[in-house]
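Colleague: What follows is a single structure, and I will ask about it in a moment.
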Amino acid sequence: MNIKPNTNELTQTSNNIGIDVVILDENDSKQYIKKVINIFKPFKTTGHLSIGNETLSIPLEGNEFSYSKHLESEPAYIFFDQESRDRNSVVVIKDVKLIGNLMENSYGMEYFVSNKKADFLIAVNWYVIEVAGSAIESLTKLNS
């Protein structure tokens, strides 16, 4: 039995609060995660997730459940620590703006967010939200 705690939590929470999510199959998830990691080359894909170089850092406190409302509406691809049981799992939420609602009603977790084109990457860890790529412009005002 392949238990994926974060994936299961987001699936259950989405059902409870009425947000549609889709879980990509394992092969599609692996390919998508590999693509994003190859583009952005995050500093840490396990432990305290971090993108590293050329990122915008936003304080987690006060922004954890609201940052996503500042992004352009589009499907969001959420994935997790690459050494955890959720490592080959991608949760797709129909609108990136709903991530805050989903996470606010879930237990705490670190995660990455990107989009279908993989033109941005966001890492949310216990301390900070790091942003790389096209999402920087939308979120710059949160860092003031």
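Colleague: What strands (runs of 3 or more DSSP E), lying completely within segment 38-144, carry at least 1 residues that are farther than 24 Å from E26 by Cα?
Modeller: Because the criterion is at least 1 residues that are farther than 24 Å from E26 by Cα, the strands (runs of 3 or more DSSP E) in segment 38-144 that meet it are 56-59, 128-133.
Colleague: Run down E54, E64 and say which single residue is among the charged types (D, E, K, R), touching a residue at least 12 places away in the same chain (Cβ under 8 Å) and more than 23 Å from P75 (Cβ to Cβ).
Modeller: E54
Colleague: Under 21 Å from N8 (Cα atoms) and open to solvent by 30 Å² or more (accessible area, probe 1.4 Å): which single residue out of E83, E61 fits that description?
Modeller: Answer to the selection: E83.
Colleague: Okay, moving on. For segment 129-144, how many residues are surrounded by fewer than 19 Cβ atoms within 10 Å (Cβ to Cβ) and touching a strand residue (DSSP E or B) at 6+ places or on another chain (Cβ under 7 Å)?
Modeller: 5
Colleague: Filter segment 112-127 for residues that are within 17 Å of N63 (Cα to Cα) and either surrounded by fewer than 21 Cβ atoms within 10 Å (Cβ to Cβ) or touching a Gly at 6+ places or on another chain (Cβ under 8 Å) (or both) and give the result.
Modeller: Within segment 112-127, L121, N125, W126, Y127 meet the criteria.
Colleague: Let me ask you something else. List every residue pair whose Cβ atoms lie under 8 Å apart, where the two residues are 6 or more positions apart in sequence or sit on different chains, the first residue falls within segment 13-27 and is more than 16 Å from D86 (Cβ to Cβ) and part of a helix (DSSP H, G or I), and the second residue, located anywhere, is open to solvent by less than 50 Å² (accessible area, probe 1.4 Å) and modelled with pLDDT of 95 or more.
Modeller: As it stands, the answer is I17/L102, since those pairs meet every condition given.
Colleague: Name the residue that is farthest from R85 (Cα to Cα), counting only residues in segment 1-12 that are surrounded by 11 or more Cβ atoms within 10 Å (Cβ to Cβ) and not hydrophobic (A, V, I, L, M, F, W, C).
Modeller: The extreme case among them is Q12.
Colleague: From (1) on the phi > 0 side of the Ramachandran plot; (2) at pLDDT 95 or above, pick out the condition that doesn't hold for V36.
Modeller: (1)
Colleague: For segment 13-25, what are the residues that are at pLDDT 95 or above and either among the hydroxyl-bearing types (S, T, Y) or open to solvent by 40 Å² or more (accessible area, probe 1.4 Å) (or both)?
Modeller: If the condition is that a residue be at pLDDT 95 or above and either among the hydroxyl-bearing types (S, T, Y) or open to solvent by 40 Å² or more (accessible area, probe 1.4 Å) (or both), then T13, S14, N15, N16, I17, G18, V22, I23, L24, D25 are the ones that fit.
The values are calculated or read from the model by the stated rules, or taken from the named source; none is laboratory data. Note that the coordinates shown come from a computational prediction; the quantities given were computed from them, not determined experimentally. Please note: Cβ atoms are built from the backbone with ideal geometry, for glycine as well, and neighbour counts cover all protein chains shown. The accessibility values were calculated without ligands, DNA or RNA, using every heavy atom of the protein model including side chains. Shrake-Rupley method; radii C 1.70, N 1.55, O 1.52, S 1.80 Å.
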